[in-house]
Structure formats: structure tokens, C-alpha cells
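Q: Mind looking over this structure? Questions follow.
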Amino acid sequence: MQVLKPNVFFVGARDWDRQLFDELIPLPDGTTYNAFLIKGSEKTVLIDTVDPAKEQVLFDNLNELGIEQIDYVVSHHAEQDHSGTIPAILRQFPMARIVTNQKCCNLLKDHLLIPDDKFKIVADGEVLRLGNKNLRFIFTPWVHWPETMSSYLEEDKILFSCDFFGSHLATSELLVDDKNRVYRSAKRYYAEIMMPFRNNVRQNLEKIRNLEIDLIAPSHGPSYPEPGFIMEAYEDWTSDRVSNEVLIPYVSMHGSTEKMVQHLTAALIDRHIKVQPFNLTHTDIGELAMALVDAATVVIGSPTVILGPHPAAITAAYLVNFLRPKTKFLGIIGSYGWGGKMVDNLGSLLSGLKAEILPPVVIKGHPKADDFKAIENLADEIAARHNSLNLTEGGQ
Ligand code: FEO
């Protein structure tokens, strides 16, 4: 049994083999569903549960600890990977009460059909007394649902943050031991689900800034014995700062758009700008999401298919739009055979971004000398915009 602090135990589950979350997000490193058990001198609390697929692991861990009574189940977030095993816990421990906020209660009733009398509703800042330990609730909404909250174990200075600060990373280590790996995994996780709520996340960061925290224990991935490491990363990701970088998600059918992408890539490198092309036929969308956290500019490349954008480019544009990155400049390049509305269609899909739209470069057939010149002009436009923001090579 892994122990986080005296009388605070990890009772969650590792899911080494899970490959997809929400049937959308690739999980190259699996994930964990972190549940914790706190034994106070008077009350025993379970902090979240696990995905129903790992229900037995949670019960095995509770059995190993010899747990015969649970007084409270704290539910920080109603999504099933943390709440889905609550009904099974209530069957095994019928005297347990679910401690959560009103919004989460409503969602749990809707999704898990839990009756009203099983809940104890708490307010922001309220303290649950466990005897020799006190658990204070801190509402941290929109990371990434409206009901999300955290809790702070005052005596041990542990912040249980649920998805906030999490990472989809299955590892045997309870605490961060490979900072680079965890940084990438946490950034990817932030990009995939938190980035659309960047302003809310920043407000939540402010809310916990003055807490004295020894350990942040999220509900996915390892816990942080150096909380400053992940809090500084979040401050960077949620800031308005962008990097001197261009992302080019693209797809090409017969090579014309690809030649344009290659020419733009080379032209940007010549102008000392970092470039990441993403071939959408095989791009891991989590990698694209992670790159969107910082990049100043996105240029989408698409051929014209039946008068509109290629479906892969439509999907990418839709993703970029709903992830709401802090992208400052947006471009569209591509090709057509006889006509179409590829630029108009992609532009409308990207209308949610607060980015300046750069002049599109759309060509007929194979790129020719003038077309390559137009691409170089686009690279000049991007370089000028980046210079106007004082973005420097490889920096911010
Ligand atoms: Fe890990 Fe939003 O659930």
C-alpha cells in the first residue's frame, strides 16, 4: 500500500492499457484514477473514486487497509472516471455520505441516479472535521466542468486538486520522479481539457496561491512534492505570452498543398521562427493540442475537396476553434483544381478565435514561381507580426 502522508493512503488504480479518453483523446502513456483514503481520529474519508472499469482495484486497496467504515466520500468532480464507482461504494458502505457542492450533487444525481439523502452539501471554504484532521473545500470551477472543486487537508498541507494539475500518465511512482516527462504529460492534459477555460484556470490559480502547500495530489498522474513546479507551469500556460512559433496542421492529396507547406516551413526557418508541421493523416491530436498552448501563429493547409476543405482540415479547424488557444495570428493555405470555398469554410470554423487573420494563399494546381513567392510573402507577414510582439528566436 502506498502512503502519501501518515494516515493518507493511495487507494486508486493505474490504467496502463487505456488508449483513448472520451473516445477522442489519445493516451500514449495510459492514465491513473487517483483515489485517496484519509483516516482521521474520528472520521474516515475517501477522496474520489475510480473509473468503474477499475472498481475492483479500489475495493482490493480498501480491503488491504482493513477499512470497515467510510464516513464520507468527497466528490470533487462528477465525471465518471472519478465518480463512477460511488454507487458501488455506497452499496458496500451504506452509511457513507457524499460530500460535495450543490452543482456536483445535481450532476451526480443526473448521471448516477444517487438519491438526495446520500449527500452532504458543502460551501466554498467550509471545513469538514475528521477529528485530528480538517479538510477545507475550495471551489475551483471550470477545470474543466462547472462543478469542479479541490480540497485542502490543513494539517498535512495537501491540496487534492482532482483534474486540476493532473496528467494522463500511468506510473508506479506516487510522486513526480521524472519532471520532464510529467511536464509534457501535464501540459498535454491542460491543452486537451483546460485550455478552453484558460481565464477560469488562472482565477483558480490565484485562489490557491496563498495556501501553504506541501503536496499537490491530483486525480490523474503522480503527485507534486514541489508544488511550485506545476503551479509555475500553469501560470505560464494560462498567461497571455506566446512563443515565436508557427504550427502548420495540414493535409495534402496530390502533393500541391504539401509543397506549399514545405516551402513555408523553410521560409519560416530562414526567418528564425520555430515551425511544427502536423500532417493530419497521422497526427496525434494531443500533440497538436499541446503545441497550441504557446504558439503565436497557426496556418492550416488544405486542398479543396468537392468545393470545400478536406475533412481532416475541417476536423483540425474545429478542434483549434473549440480548444481556444491564445493564438495571435491565423493563416490558411492550400490548393484547388477548378474552384471552391475552402478558405471561407475554414474561416467560419475558426471564427471563435481572437486572432488576426492573415491573407490566405490559395493556388490552382501545382505551385508555380509566383505561388512560392506568395508563400514567402506570407512568411514575411508572420515574421513582421512576431517582431511586433518582440518574439525572439526560440523564445517568447
Ligand atoms: Fe478526470 Fe474530468 O475527469
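Q: Count, please, the residues in region 140-149 that happen to be of a type outside the set (Ser, Thr, Tyr) and open to solvent by less than 30 Å² (accessible area, probe 1.4 Å).
A: Here the count works out to 4.
Q: Return the residues of region 273-290 that are under 21 Å from ASN387 (Cβ atoms) and outside any loop (DSSP other than H, G, I, E, B); say none if nothing qualifies.
A: Those that are under 21 Å from ASN387 (Cβ atoms) and outside any loop (DSSP other than H, G, I, E, B): LYS274, VAL275, GLN276.
Q: Also, I was wondering about something else. Can you pull out the residues in region 150-164 that are in a strand (DSSP E or B) and either open to solvent by 10 Å² or more (accessible area, probe 1.4 Å) or away from the ligand (no atom under 12 Å from the Cβ) (or both)?
A: Those that are in a strand (DSSP E or B) and either open to solvent by 10 Å² or more (accessible area, probe 1.4 Å) or away from the ligand (no atom under 12 Å from the Cβ) (or both): SER150, SER151, TYR152, LEU153, ILE158, LEU159, PHE160.
Q: Next question, about the same structure. Within region 34-79, work out how many residues are open to solvent by less than 30 Å² (accessible area, probe 1.4 Å) and either farther than 14 Å from GLN2 by Cα or in a helix (DSSP H, G or I) (or both).
A: 23
Q: Tell me which of these GLY221 doesn't satisfy, since it passes every other one: (1) within 15 Å of the ligand (Cβ to nearest atom); (2) farther than 22 Å from SER83 by Cα.
A: Looking at each condition in turn, GLY221 falls short on (2).
Q: Out of all the residues in region 182-194, is one or more in contact with a Leu (Cβ under 7 Å, 6 or more places away or on another chain) and either under 18 Å from ALA35 (Cβ atoms) or surrounded by fewer than 21 Cβ atoms within 10 Å (Cβ to Cβ) (or both)?
A: No, there is no match, as no residue in region 182-194 is in contact with a Leu (Cβ under 7 Å, 6 or more places away or on another chain) and either under 18 Å from ALA35 (Cβ atoms) or surrounded by fewer than 21 Cβ atoms within 10 Å (Cβ to Cβ) (or both).
Q: Something else: Can you confirm whether THR85 is in contact with a strand residue (DSSP E or B) (Cβ under 8 Å, 6 or more places away or on another chain), of a type outside the set (A, V, I, L, M) and assigned by TED's automatic domain parsing to the domain that holds THR140?
A: no
Q: How many residues are of a type in the set (Asp, Glu) and assigned to a strand (DSSP E or B) when one looks only at region 212-257?
A: 1
Q: I would also like to ask the following. Only one residue in LYS354, LYS368 is among the basic types (Lys, Arg), at pLDDT 95 or above and either out of contact with any Cys (no Cβ under 7 Å at 6 or more places or on another chain) or farther than 17 Å from ILE273 by Cα (or both), so which one is that?
A: Testing whether each residue is among the basic types (Lys, Arg), at pLDDT 95 or above and either out of contact with any Cys (no Cβ under 7 Å at 6 or more places or on another chain) or farther than 17 Å from ILE273 by Cα (or both) leaves just LYS368.
Q: Of the residues that sit in region 188-208 and are away from the ligand (no atom under 16 Å from the Cβ) and not hydrophobic (A, V, I, L, M, F, W, C), which one is nearest to ILE285 (Cα to Cα)?
A: Result: ARG198.
Q: Hey, which of the helices (runs of 4 or more DSSP H) in region 298-396, taking only ones fully inside, have at least 2 residues that are in contact with a strand residue (DSSP E or B) (Cβ under 6 Å, 6 or more places away or on another chain) and open to solvent by 10 Å² or more (accessible area, probe 1.4 Å)?
A: Here the list reads 342-349, 369-388.
The values are calculated or read from the model by the stated rules, or taken from the named source; none is laboratory data. Computed from a predicted structure; not experimentally measured. With ideal geometry, Cβ positions are generated from the backbone for all residues, glycine too; neighbour counts draw on all protein chains shown. In case anyone asks, the SASA skips ligands and DNA or RNA and just uses the protein heavy atoms, side chains included. Shrake-Rupley method; radii C 1.70, N 1.55, O 1.52, S 1.80 Å.
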